Structures are given as structure tokens and as C-alpha cells.
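Report on the structure given below.
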Amino acid sequence: MAIDDAFIKAFRTHRQRGDLFHPPGREDNGLFQTSTIGALMEGIYDGEVTYRELATHGDFGLGTFNALDGEMIAFDGRYYQMKSDGRAYPVSPDAKTPFAVVMFFDPTVKVIWEELIDWKQFQQAVDKAVPSRNVFYAVKVRALFDYVRVRTVPRQTKPYPPLVEVAKHQPEYTHEGVEGTLVGFRFPDYAQGLNVAGYHVHFLTAGLDAGGHVLDFRMRDATIDIDVTSELHMEVPECGDFLDADLSKDQSEDIHRAEN
Ligand SMILES: [Zn+2]
């Protein structure tokens with residue numbers, strides 16, 4: 001069986017679209033997002049939402065920290081901060097975030113895939129299998145990675161440069177022959193600007209000590225869990241630079257350059 005067929009089969013176990021989301025008795029808590037990727041692109045790197053508050057909306061997801069101090073990944077009830085040295089650290093509940101998306105992960109689709117698969121094949125297989133490209137998919141993967149290439153954004157000082165400038169000098173790290181976890185989302189094309197259209201995934205080693213924002217990988221022995229939701233609750237800042245930022249322009253090109 002090809003990986004495409006494995007995903008299609010997994011999604012088809014939900015015979016009707018109606019029970020694609022959550023079966024009766026399992027509440028869909030949906031996604032919670034603070035601010036927008038578009039604001040982050042414009043250098044709005046300070047938010048008012050603490051990790052203490054964020055944790056009330058979910059224990060699974062990704063994002064960043066005030067002053068753009070690294071990449072955030074959360075799963076199994078724990079949050080981690082992956083700083084520009086590529087290492088992972090525990091997150092203080094008092095730390096704040098300018099952008100994050102989280103949820104209480106409750107997967108309804110599972111695929112076990114032992115053979116080698118790369119980042120591009122993974123995205124194509126999921127794209128081919130999903131019953132709709134217009135809803136939200138959360139993905140968690142536990143696998144052995146031949147290699148995984150990540151970046152971690154470095155802490156910025158004011159005046160903040162736009163994200164596309166930061167991304168030009170981003171530290172990148174390649175981990176080879178490691179076990180680890182991917183956490184990410186597939187957002188619809190129409191969500192570009194609010195979030196990243198398509199895939200946005202972060203990585204943490206099984207030792208919970210290193211990782212970052214995923215640029216590329218090749219993996220095997222993958223256990224892939226997917227949670228499908230139709231709900232997105234978004235809150236934008238009520239104070240600070242966000243209110244005065246010009247978020248009217250098309251940022252698709254910059255988002256693609258900074259996030260892919
Ligand atoms: Zn990221």
C-alpha cells in the first residue's frame with residue numbers, strides 16, 4: 001500500500017462527513033489562537049497572553065514567545081521553549097506569547113507507517129486523503145527521523161525587524177537518526193494571514209532537549225494521529241503595537257518565505 005492509500009483508508013473509516021469531526025460523546029473543543037501570523041510578519045513580537053492563560057485553552061500546539069524568543073511546542077500536557085541555541089527549555093507560566101495556536105488534542109484518525117516518508121510526501125498524502133480542505137487539522141507524529149532540519153528564531157531587540165528579515169539570519173539545526181515528535185496544523189488556504197495556509201509543524205526530540213520549526217525531514221516507523229475540527233476561536237490584542245499595525249497588504253509571499 002502507498003502512503004496516500006493508507007491515509008485515504010484511515011479517513012474513510014469515518015463513513016459520513018458528519019462523523020469526521022468528533023463522534024457523539026466526544027466534545028470538539030476546537031482551536032484557540034492568539035493574534036495572527038500576519039501581525040508576527042510585521043514585527044508585532046510582544047503579546048499580553050501568558051502561558052498560564054494559554055494552557056487553559058489547550059495542552060497541544062505551537063507558537064512563539066515575546067521578543068520572538070524561540071519556537072514553542074506543546075503536547076502531552078507540557079509546553080517547551082526551543083531557543084536560538086536549538087535546545088528546549090521548560091516554559092514559565094508567566095512567560096507571554098505574541099502568537100500561538102493550541103487545543104486539547106483528541107485525535108480521531110490514526111495511521112501507522114513504517115516505511116520511509118519525507119516532508120513533501122507526507123503533506124501530499126494528507127492533502128489527497130482529507131475529505132475537505134476547508135476545515136482544520138491538528139497532527140501529531142511520533143517517529144524515527146533519518147534527519148530533521150529545523151530553525152529556531154532568535155530573540156529580538158527593539159525596534160523589531162519584520163519576520164522575513166529575521167528569517168534571513170535564522171539559526172538552523174539538523175538532527176540525524178533521532179526519535180522525536182512533530183506537532184502541527186494544516187490550515188485552509190483561506191486562512192492565509194490569520195495563520196499559515198497549509199502546514200506548520202514544530203519538532204522536539206524524544207529526549208525533550210532540542211528541536212524547532214520544521215523545514216524538512218525524512219522519517220520512518222511513524223505513528224500519525226490527526227484531530228479534525230471545524231472550530232477556531234481567535235483573540236487579537238486589545239493594546240500595544242497591534243492596534244496601529246498596517247495589516248492590509250497581501251503577505252502571502254513573505255509568509256511563504258519566513259515559514260516554509
Ligand atoms: Zn513555526
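Which of ASP241, ASP46 comes first, and how do the rest follow, when ranked by fewest Cβ neighbours within 10 Å? All intermediate terms of the calculation are to be shown ahead of the outcome.
On the way: ASP241 16, ASP46 19.
The order, fewest Cβ neighbours first, is ASP241, ASP46.
If neighbour count is taken as other Cβ atoms inside 10 Å, put PHE136, PHE122, PHE21 in order from fewest to most.
Details: PHE136 20, PHE122 24, PHE21 17.
Ordered from fewest to most neighbouring Cβ atoms within 10 Å, PHE136, PHE122, PHE21 come out as PHE21, PHE136, PHE122.
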I need TYR173, TYR45, TYR89, TYR190 ordered by Cβ neighbour count within 10 Å, fewest first. TYR190, TYR89, TYR173, TYR45
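For PRO98, what is the net charge nearby, where nearby means another residue's Cβ is under 12 Å from its Cβ and Lys, Arg count +1, Asp, Glu -1? Numbers along the way, then the final one.
Working: positive: LYS96; negative: GLU42, ASP46, GLU48, ASP69, ASP241.
Taking every Cβ under 12 Å from that of PRO98, the sum is -4.
Please work out whether the range 123-260 counts as rounded, prolate or oblate from its C-alpha gyration tensor, where a ≥ b ≥ c are the square roots of the eigenvalues and a/c under 1.5 means rounded, while otherwise a/b larger than b/c means prolate and anything else oblate? Write down the numbers at each step before the final one.
Working: a/c = 2.08, a/b = 1.25, b/c = 1.66.
Oblate.
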Once you charge only the Cβ atoms, +1 for Lys and Arg and -1 for Asp and Glu, what is the size of the charge dipole of the chain about its Cα centre, to the nearest 20 debye? 560 debye
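Using Cα pairs under 8 angstrom and six or more residues apart, how large is the relative contact order of the chain, in percent? Mind dumping the intermediate values first?
On the way: 623 pairs, mean separation 73.1, N = 260.
The value is 28 percent.
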Globularity ratio of the range 1-154, using Cα Rg and 2.2 N^0.38 Å: 1.15
In whole Å, how far is the Cα centre of the range 212-244 from that of the range 76-117? 9 Å
Enter the angle in degrees (range 0 to 90, nearest 10) between the Cα long axis of helix 119-129 and the first principal axis of the Cα atoms of the chain, meaning the one along which they spread out most. 60 degrees
For the chain, convex hull volume per residue from C-alpha positions, Å³: 116 Å³
Do the alpha carbons of any pairs in LYS128/LYS249; LYS9/LYS140; LYS120/LYS249 sit beyond 24 Å of each other, and which pairs? LYS128/LYS249; LYS120/LYS249
Give the long-range amide H neighbours of SER84: residues separated by 5 or more places, or on another chain, with amide H under 5 Å away, using H modelled in the peptide plane at 1.01 Å from N. ARG155
Per-residue [θ]222 nm for the chain (sum of -39500 (n - 2.57) over DSSP H runs n ≥ 4, rounded to 500): -4500 deg cm²/dmol
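Read-outs throughout are calculated quantities, based only on the coordinates presented, and are distinct from any laboratory measurement. Bear in mind that the values here come from a model prediction, so they are computed numbers and not experimental data. A quick note on method: Cβ atoms are made from the backbone with ideal geometry, for glycine too, and the neighbour counts reach across all protein chains shown.
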